[in-house]
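None of the figures in this text is laboratory data; all of them are computed from the coordinates on show. Since the model is a prediction, treat every value here as computed from it, not as a measurement. So basically every Cβ, Gly included, is an ideal-geometry build from the backbone, and we count neighbours across all protein chains shown.
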Protein chains: 2
Amino acid sequence: MNRITPVLAALSLAVPAAAKTPPAAPPPPPNLEQVADEALVRDERAWDFVEGITTEVGQRQAGTEAEARGRAWAAAWLKQNGFRNVADEHYMMPTWVPGEPGRAEILGPFPQSLAVAPLGDSASTGPEGITAEVLMFRTVADLQAAPAGSLAGRIAYVSNAMTRTQDGSQYGFAGPTRWVAAGIAASKGAVATVIKSVGTDSHRNPHTGGTSFPAGVKPTPAGALSNPDAANLERMFKRAGGKPITMKLVLTPRDLGETQSGNVVGEIVGRNPSLPPVLLACHLDSWWLGTGAVDDGAGCAIIAAAALNVAKAGQPLRTVRVLFAGAEETGLWGSKAYSAAHLGEPIAVGIESDFGADRIWRFDSNFRTTNPDLHKRIAAAVARFGVSAGSEVAGGGADLNIVRDQNGALVDLQQDGTRYFDLHHTPDDTLDKIDPAQLRQNVAVWTQVVGILANEGTAILTGSPMPSAPPIMDGKK
Amino acid sequence: MNRITPVLAALSLAVPAAAKTPPAAPPPPPNLEQVADEALVRDERAWDFVEGITTEVGQRQAGTEAEARGRAWAAAWLKQNGFRNVADEHYMMPTWVPGEPGRAEILGPFPQSLAVAPLGDSASTGPEGITAEVLMFRTVADLQAAPAGSLAGRIAYVSNAMTRTQDGSQYGFAGPTRWVAAGIAASKGAVATVIKSVGTDSHRNPHTGGTSFPAGVKPTPAGALSNPDAANLERMFKRAGGKPITMKLVLTPRDLGETQSGNVVGEIVGRNPSLPPVLLACHLDSWWLGTGAVDDGAGCAIIAAAALNVAKAGQPLRTVRVLFAGAEETGLWGSKAYSAAHLGEPIAVGIESDFGADRIWRFDSNFRTTNPDLHKRIAAAVARFGVSAGSEVAGGGADLNIVRDQNGALVDLQQDGTRYFDLHHTPDDTLDKIDPAQLRQNVAVWTQVVGILANEGTAILTGSPMPSAPPIMDGKK
């Protein structure tokens with residue numbers, strides 16, 4: 001209650017003493033701190049957005065009509081909530097769709113079905129499937145060490161497992177299994193690849209995500225087994241006594257060629273629209289398996305609610321622009337298209353929300369050493385929400401290509417990712433996984449940070465070095 | 001460590017003082033308490049069974065060739081582990097199979113796919129599916145109150161939710177949604193029924209299980225939505241503003257007619273085989289979605305390991321018989337067949353394990369008032385494992401029909417069911433959900449209890465009243 005006392009006081013001042021005095025003048029708007037404090041306990045707009053898009057649209061596979069419905073829904077929401085200059089900026093992109101639900105059947109020595117999903121850019125087995133012996137590799141390095149041609153006619157399986165981390169850093173350790181194993185296996189003759197899901201849960205829900213094949217290597221079918229199924233396959237190897245393990249794999253994704261996608265943008269117009277805007281990014285598309293609640297409906301919900309909150313404290317100096325990027329999952333197509341279309345329009349600073357809806361615990365920027373005053377002001381302002389000041393150099397999220405391309409200012413608001421890779425790219429990415437209290441903490445912190453940045457009169461980035469984009473943003477989200 | 005001190009002492013006595021004295025006589029077998037204590041920390045046979053059958057066989061849908069493979073696997077395991085009189089006692093049963101994976105698509109106003117699985121004894125929609133408006137009912141009572149004919153041409157949806165209980169008692173509250181809603185809806189003209197899963201998790205894994213249709217009511221298609229999908233459907237009703245919600249439901253189960261199933265039995269033969277045996281029951285079949293680890297691979301693992309442990313303490317007075325019943329899930333076919341075939345052969349006492357693999361916390365019998373000495377001896381013997389003495393009248397599990405039909409003695413070893421209905425009848429019923437330490441606690445308690453009962457020279461049941469079987473055992477498991 002302590003936090004909202006000032007707001008309540010302001011509200012009580014606004015109640016006219018009925019009929020005894022002339023109507024009071026409209027109260028001054030609450031200040032930024034009051035608005036952020038209020039968001040912590042009472043924000044409903046972020047929930048409304050993510051509940052709405054997951055209920056009324058659901059999954060939004062990049063480049064498909066479902067993504068287009070998601071864009072229309074989001075643009076309407078922005079308009080209804082008072083954003084200006086709402087637009088759906090189209091671009092064309094190569095579109096891959098998953099086809100029928102995947103099937104992985106062990107034919108022998110222990111016949112049974114395993115839960116599998118195709119990886120993005122997987123080739124098709126055709127409806128008849130591929131039947132072959134499975135060879136197991138512990139890591140990508142082990143697979144890399146296999147002699148040329150040694151996988152001819154086989155299905156490669158890579159068993160490397162992800163462990164749980166708060167900062168999500170194990171994505172860099174476990175992710176390559178998904179990003180590159182299929183390409184390496186294909187280059188050595190494998191007819192297909194299956195991997196242990198890059199994820200930390202133990203449910204029968206495979207984690208999909210993009211894979212890739214090097215130039216000159218013909219794409220093969222590639223899928224992820226759920227973690228319980230991967231564990232079962234590994235037990236089969238132990239129990240088979242050297243007998244070959246034969247799998248029939250049926251994955252039927254297909255390429256649709258070029259289709260239309262788009263980036264939805266909207267603005268809270270600043271008092272001085274000629275100043276470079278503050279850009280808040282998220283992505284609107286999701287993999288087809290889940291409803292894109294934590295990846296990344298929550299991110300769009302958080303940034304939109306924060307932008308609206310900033311305006312509650314009075315029109316900001318700079319324009320605040322939200323970018324609901326399209327087609328992030330399948331190759332950052334929206335991020336790239338946005339940068340290509342707007343590279344000549346400077347951005348003051350970029351921030352992205354794309355790591356679920358659990359609480360923010362650390363603030364980083366790429367101007368800590370070059371603009372320490374601003375960095376410290378932000379750090380001090382978010383400390384009351386339990387957010388520490390980090391010493392990492394912010395790299396920005398996947399949809400901030402334009403800011404990196406401009407060598408611009410970046411802020412990272414690090415979320416607690418302890419649960420994130422339980423849900424990431426699975427059917428289980430649904431609304432029930434979002435904790436409304438933690439979602440509101442995100443909105444509060446974002447409100448505070450964006451409010452400060454949008455009212456910053458001087459240039460935000462004053463010469464600090466730009467990090468290169470981390471590898472997970474190189475088309476392999 | 002305290003618990004195993006006597007065992008270690010016994011072992012150390014057995015080590016001959018090498019070369020100084022003549023070879024010692026073989027040590028006496030450990031006593032029952034020592035064997036049970038040892039099982040608590042070291043039993044590996046229960047794990048070996050449940051790991052083996054889930055890895056080498058997997059799902060074991062009743063009446064199918066997979067169940068037959070499960071029986072062959074289990075019979076081989078029993079023989080290899082020293083059971084005698086191992087047999088697969090066949091019977092014929094009407095067999096229902098689930099067909100292709102279910103599909104539930106909302107066509108409007110919010111098009112998207114929901115995760116669904118057919119319920120046992122569901123009719124088929126045909127591959128083309130059924131498309132109809134969905135009408136929502138909160139409870140079976142609300143559905144029952146709907147006027148005759150009022151569901152004509154509609155799909156009924158029942159939203160009643162299960163909450164988590166340690167003793168599983170909410171199955172009686174939530175279960176009727178699955179057991180009878182489809183039949184009631186069909187009797188009022190509904191073309192199909194979908195229900196919220198009878199389960200306590202929030203994953204995209206529907207909980208199947210048997211449903212039923214009253215005599216004279218033609219079976220309709222019936223499915224369970226996963227809990228996140230059910231919640232989504234309910235949000236759609238809130239957001240639709242009265243617009244009809246249209247679902248296309250595709251469920252393609254079919255009846256195979258009569259097929260062969262069987263009960264696998266095996267014995268630890270007692271010193272006096274003419275005495276009525278102690279019957280330990282579980283079931284070997286599982287629904288097709290999961291691998292039947294907690295339902296009920298674990299149960300068979302526990303009873304088999306316990307029977308073997310009892311023998312470690314010396315040949316018991318009475319024969320201990322394990323009954324791995326077939327086709328429990330789809331209508332207790334194995335339990336009924338076993339009773340029909342063996343009703344004239346008295347059973348001394350029956351116990352069943354069919355509630356997962358989490359720890360036992362309460363002991364009940366149906367001879368507490370009529371044979372208080374025995375009841376108290378058992379209670380005192382299991383107290384060291386954290387098991388309290390209950391005052392309920394044991395009703396026995398679903399596969400103990402023969403004991404109920406004989407008005408015989410029953411013991412219930414109540415397991416902690418807090419997690420059970422997260423997994424029950426879902427794809428997530430897999431080995432990783434079993435906690436090896438809690439599994440061993442089950443084996444230890446069972447060893448102690450079965451050891452006492454198998455060495456009881458006098459009649460166990462001496463006149464206490466028989467409870468009727470609870471409704472969940474009436475073909476509705």
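Remarks
- Label-to-label distance, nm, for residues given as residue A:92 and residue B:418 (7 Å Cα→Cβ offset): 5.9 nm
- Lys, Arg +1 and Asp, Glu -1 on Cβ, resulting dipole of the protein assembly as shown about Cα centre, debye, nearest 20: 820 debye
- Evaluated over the Cα positions of the protein assembly as shown, the convex hull gives a direction-averaged projected area, one quarter of its surface, of 48.3 nm².
- Pair-distance profile P(r), taking every C-alpha pair of segment B:243-354, with 10 angstrom steps and integer %: 13, 37, 27, 12, 6, 3, 1, 0
- Cut-off under 5 Å, modelled amide H: who pairs with residue A:388 long-range: A:362, A:363
- A helix-only calculation puts chain A at -9500 deg cm²/dmol for mean residue ellipticity at 222 nm, using -39500 (n - 2.57) for each DSSP H run of at least four residues, averaged over all residues.
- Mean per-residue shielding of peptide A:201-209 is 4, counting Cβ atoms of other chains within 10 Å of each Cβ.
- Using C-alpha pairs below 8 Å separated by at least 6 residues, the relative contact order for segment A:352-433 is 43 percent.
- Evaluated at q = 0.13 Å⁻¹: base-10 log I(q)/I(0), Debye formula over Cα of segment B:183-329: -0.80
- Of all beta bridges that DSSP places with both ends in the protein assembly as shown, some 55 percent have antiparallel geometry.
- Residue-by-residue Karplus 3J(HN,Hα) for segment A:353-358, coefficients 6.51, -1.76, 1.60, Hz, glycine and proline x: 10, 7, 8, x, 10, 7
- Unit charges on C-beta of K, R, D, E only; dipole of segment A:103-253, Debye: 300 debye
- Distance in nm between pseudo-label sites at residue B:341 and residue B:388 (7 Å out along the Cβ direction from Cα): 4.0 nm
- For the pair residue B:240 and residue B:100, a Förster radius of 41 Å applied to the C-beta separation gives a FRET efficiency near 0.90, rounded to the nearest 0.05.
- Amide H contacts of residue B:245 (H built 1.01 Å from N, in plane; Pro and chain starts excluded): B:134 sit under 5 Å, all sequence-distant by 5 or more or on other chains.
- DSSP bridge orientation in segment B:103-253 - percent antiparallel, rounded to nearest 5: 55 percent
- Stokes-Einstein D in µm²/s, Kirkwood radius over Cα pairs - segment A:308-364 at 37 °C with 0.692 mPa s viscosity: 234 µm²/s
- Counting Cβ atoms of other protein chains within 10 Å of each residue's Cβ and taking the mean over peptide B:112-122 gives 2.
- Charge dipole magnitude, Cβ of K and R +1, D and E -1 - segment B:19-134, Cα centre, debye nearest 20: 520 debye
- Extended-chain gain in nm, criterion 0.36 nm per residue less alpha-carbon gap, residue B:260 and residue B:435: 59.6 nm
- Summarising the overall dimensions of segment A:76-153 from its C-alpha atoms, the Rg and Dmax are 21.4, 63 angstrom.
- Listed residue pairs exceeding 22 Å between alpha carbons, taken from B:196/B:248; B:79/B:433; A:238/B:433: B:79/B:433
- In sequence order, segment A:175-181 has phi-based couplings of x, x, 3, 7, 5, 10, 4 Hz under the Karplus curve 6.51 cos²θ - 1.76 cosθ + 1.60, θ = phi - 60°, and Gly or Pro positions carry x.
- FRET E, pair residue B:274, residue B:72, Förster distance 22 Å, beta-carbon r, rounded to 0.05: 0.10
- Converting phi to 3J(HN,Hα) with the Karplus coefficients 6.51, -1.76 and 1.60 and the offset θ = phi - 60°, segment A:377-385 yields 4, 5, 4, 5, 6, 9, 4, 5, 9 Hz in sequence order, with x at every glycine or proline.
- Alpha-carbon spread of segment A:27-141, three principal axes, descending order, Å: 76, 33, 31
- Inter-chain neighbour count for B:54-60: the average number of beta-carbon atoms from partner chains within 10 Å of each residue's beta-carbon is 6.
- Start at zero, step by 5 Å, and the Cα-Cα distances of segment B:103-253 spread as 2, 11, 21, 25, 22, 13, 5, 1, 0 percent across the bins.
- For segment B:103-253: relative contact order, % (alpha-carbon pairs under 8 angstrom, 6 or more apart): 39 percent
- Placing R0 at 25 angstrom, the Cβ-Cβ distance between residue B:138 and residue A:65 gives a FRET efficiency of 0.15 after rounding to 0.05.
- Segment A:290-440, relative contact order [Cα under 8 Å, separation at least 6], %: 37 percent
- When the charge dipole of chain B is built from unit charges on Cβ atoms (+1 for Lys and Arg, -1 for Asp and Glu) and taken about the Cα centre, the candidate among B:157, B:29, B:291 whose Cα reaches farthest toward its positive end is B:157.
- Positive-pole candidate from A:417, B:144, B:86, dipole of the protein assembly as shown, charges at beta carbon: A:417
- Binning the alpha carbon pair distances of chain A at 20 angstrom intervals from zero yields the distribution 24, 51, 21, 3, 0, expressed in whole percent.
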